[in-house]
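Structure first, commentary second.
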Amino acid sequence: MATAHDPLSLTWRKSTYTQANGECVELGGNGVHLLAVRDSKDPIGPALRVGPGALTSFVGAIKRGTYD
C-alpha cells in the first residue's frame, strides 16, 4: 500500500490550472486519501505529508484569498 513515507509509490497529479513553466505543486494520494504535497520540479525530493482535513482547510484559505 502506498504511504507518504514512500512518495514514489503514490499517484501524483497537478492542477488543471498548471502553467507550462512547471512551477507548481503536485498532490499525491493512494486513490482514497491525499497523503502528500511536493514540488513538481523535484519529484524525488521531499514530500510534505498532509491529512485530508488539513489540505481542505488550506485550499479553502487559498480560494478565499487568505494568502494573497
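A few comments on the model shown:
- Stretch gain in nm, segment Y17-R49, where the contour uses 0.36 nm per residue and the Cα spacing is subtracted: 9.3 nm
- Using the Karplus relation 6.51 cos²θ - 1.76 cosθ + 1.60 with θ = phi - 60°, the per-residue 3J(HN,Hα) values for the stretch 42-57 come to 9, x, 9, x, x, 10, 8, 7, 9, x, x, x, 5, 5, 4, 5 Hz, with x marking Gly and Pro.
- Oblate is the label for the stretch 7-63, because a/c, from the alpha-carbon gyration tensor with a ≥ b ≥ c as root eigenvalues, is 1.5 or above and a/b does not exceed b/c.
- Relative contact order of the chain, defined on C-alpha pairs under 8 angstrom at six or more residues apart (%): 23 percent
- Counting only Cβ charges, +1 for Lys and Arg and -1 for Asp and Glu, the dipole size of the chain around its Cα centre is about 180 debye.
- Backbone geometry of the stretch 14-21 corresponds, through the Karplus equation with coefficients 6.51, -1.76 and 1.60 at θ = phi - 60°, to 3J(HN,Hα) couplings of 10, 5, 5, 8, 4, 8, 5, 6 Hz, x marking Gly and Pro.
- Phi-based couplings in Hz for the stretch 60-66 (Karplus 6.51, -1.76, 1.60; Gly and Pro marked x): x, 5, 4, 5, 7, x, 4
- Under 5 Å from the amide H of V50 lie the amide H atoms of A36, V37, each residue being 5 or more positions distant or on a separate chain, with H modelled from the backbone and absent for Pro and chain starts.
Every number in this text was worked out from the coordinates using simple rules, so none of it is lab data. Treat the numbers as computed from the prediction; the structure is a model and nothing was measured. FYI the Cβ positions are ideal-geometry reconstructions off the backbone, even for glycines, and counts take in every protein chain you see.
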